[in-house]
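The values are calculated or read from the model by the stated rules, or taken from the named source; none is laboratory data. Given the structure is predicted, the values throughout are model-derived calculations rather than measurements. No Cβ is skipped: glycine too gets one built from the backbone with ideal geometry, and neighbour counts run over all protein chains shown.
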Amino acid sequence: MINHKDIEIFILTYNRKEFLKKAVESVLNQTVKGLKLTIVDNGSTDGTSDYIRDLCANNENISCFRHDTNIPVLENMKYTINLAKADYMLMFHDDDMLHPQYIESILKILSEDENIDFIWTRTNIFKSEDEINIQKFNKLDCQIFDRIHFDAKMLINKASSSVTFPGVLFKTENVKRAVLNDDINHTGAIADNIILAESITGGKSVFVKNKLYFYRNHPNQESETLKLTPDELITCLKFFKTRANESTYSKVIFNVFSYYRLLRLYKHYGLYNGGSTKELVKTAYNRGAINMYVYILFEPYGIFLRPFNALMKKILQNVKHVNETFMLKGEA
């Protein structure tokens, strides 16, 4: 039977002591007590280390690891994943917070079905903590995805139910295996796309529609300042295209959804070299990252195919999804 001892929580921090305090409080305030928390300090210089030292001294369930100097984000993430020893791990950033019922909800889902590779939840985006409205949940509304349909979700990544990588509950052995994929080292800011896709193996992924994760939106976020190189974006697309070769159905999904994914990534991040969409798409096609069908959608005459593609998108994103409701005890 799964219990809280089967889960490890990690918080990654760097020079955000005040934000970190709120993140730690969100773990300590969980309805499930006795959770193991590890803070990974990526070489902070603002007094964060002193706060963490005092925190660990007064809480037997809290430990910390510190890098002497700041290391790249991806390397720090890999380092943290390798620290995990429990069956499941949850990793999030110092500027975010968990809903008090996050772990309670995760345990409820896992108690019903242990054949789950990872779980993510709807995200509550906030700028000021005054905007946070913590609702008590008595039931969880979930959507369950197999491997093929999770790939489709990653490719379209609708804002209302997109996968926020920090705050995902992973089966530890899966995510440890996933970070060994060499493509991750060549995808920069979107390496999480591949880690997530590789982390679902023979099991399922579960999307919890309740807002159980609080994501702080502020100017210093790396996700708001990083851009992509054409190589990084193309590597990511080639990864999903290779996975799509598993079946004809997967190929259809890739063709329909990769059009939207490419557009979304280009618009959100932009390119370091400032290249145009047309140049990017041509390069992606020449390097085998997209099929002819997707290439045509970006051409001026693709306007005749886009309504058909939009219809296919609506059809494909609503098939083979399993919806389930899990009742919580509603403990305070």
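Within region 1-75, considering only strands (runs of 3 or more DSSP E) that don't extend past its boundaries, which have at least 2 residues that are closer than 24 Å to residue 117 by Cα and modelled with pLDDT of 95 or more?
On the way: elements: 7-13, 36-41, 62-66.
Fully inside region 1-75 and qualifying: 7-13, 36-41.
What are the residue pairs meeting all of these: first residue in region 77-94, first residue crowded, with 23+ Cβ neighbours inside 10 Å, second residue among the charged types (D, E, K, R), Cβ atoms under 7 Å, and 6 or more apart or on different chains?
88/6; 88/171; 89/8; 94/16
The rows are residues; the columns are (1) of a type outside the set (A, V, I, L, M); (2) over 18 Å from the mean Cα position of the chain (by Cα); (3) within 23 Å of residue 327 (Cβ to Cβ).
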{"residue": "129", "(1), (2), (3)": "yes, yes, no"}
{"residue": "169", "(1), (2), (3)": "no, no, yes"}
{"residue": "178", "(1), (2), (3)": "no, no, no"}
{"residue": "181", "(1), (2), (3)": "yes, no, no"}
{"residue": "188", "(1), (2), (3)": "yes, no, no"}
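Answer yes if at least one residue in region 116-129 is at pLDDT 95 or above and polar (S, T, N, Q), and no otherwise.
No: zero hits.
Within region 289-332, restricting attention to residues that are of a type in the set (S, T, N, Q) and under 30 Å from residue 138 (Cβ atoms), which residue is modelled with the lowest pLDDT?
So in region 289-332, the residues of a type in the set (S, T, N, Q) come out as 291, 309, 317-318, 323, 325.
Now restrict to residues that are under 30 Å from residue 138 (Cβ atoms): 317-318, 323, 325.
On the way: 317: 78, 318: 74, 323: 87, 325: 91.
Top of the filtered list is 318.
Pick out the one residue from 25, 8, 60, 18 that is acidic (Asp, Glu) and crowded, with 19+ Cβ neighbours inside 10 Å. Steps first, answer last, please.
Details: 25 fails: crowded, with 19+ Cβ neighbours inside 10 Å; 60 fails: crowded, with 19+ Cβ neighbours inside 10 Å; 18 fails: crowded, with 19+ Cβ neighbours inside 10 Å.
Exactly one residue qualifies, and that residue is 8.
Considering region 270-308 alone, what residues qualify as being in contact (Cβ under 8 Å) with a residue 24 or more places away in the chain, in contact with a helix residue (DSSP H, G or I) (Cβ under 6 Å, 6 or more places away or on another chain) and not hydrophobic (A, V, I, L, M, F, W, C)?
283, 287, 291, 293
Here are some residues: 134, 148, 125. Which one is surrounded by fewer than 22 Cβ atoms within 10 Å (Cβ to Cβ) and either touching a Cys at 6+ places or on another chain (Cβ under 6 Å) or over 22 Å from residue 93 (Cα atoms) (or both)? Walk me through how you get there before you give the answer.
Details: 134 fails: either touching a Cys at 6+ places or on another chain (Cβ under 6 Å) or over 22 Å from residue 93 (Cα atoms) (or both); 125 fails: either touching a Cys at 6+ places or on another chain (Cβ under 6 Å) or over 22 Å from residue 93 (Cα atoms) (or both).
Exactly one residue qualifies, and that residue is 148.
Could you please find all residues in region 185-207 being more than 17 Å from residue 89 (Cβ to Cβ) and either not small (Gly, Ala, Ser) or not assigned by TED's automatic domain parsing to the domain that holds residue 13 (or both)?
Across region 185-207, the qualifying residues are 185, 186, 187, 190, 193, 194, 204, 207.
Of all residues in region 217-274 being among the small types (Gly, Ala, Ser) and in contact with a Phe, Trp or Tyr (Cβ under 9 Å, 6 or more places away or on another chain), which is surrounded by the most Cβ atoms within 10 Å (Cβ to Cβ)? Full working, then the answer.
Of region 217-274, the ones among the small types (Gly, Ala, Ser) are 223, 244, 247, 250, 258, 270, 274.
Those still in the list that are in contact with a Phe, Trp or Tyr (Cβ under 9 Å, 6 or more places away or on another chain) too: 223, 244, 258.
On the way: 223: 16, 244: 23, 258: 26.
Result: 258.
Checking residue 95 against (1) of a type in the set (Asp, Glu); (2) over 28 Å from residue 18 (Cα atoms); (3) in contact with a strand residue (DSSP E or B) (Cβ under 8 Å, 6 or more places away or on another chain): exactly one of these is not met. Which one?
(2)
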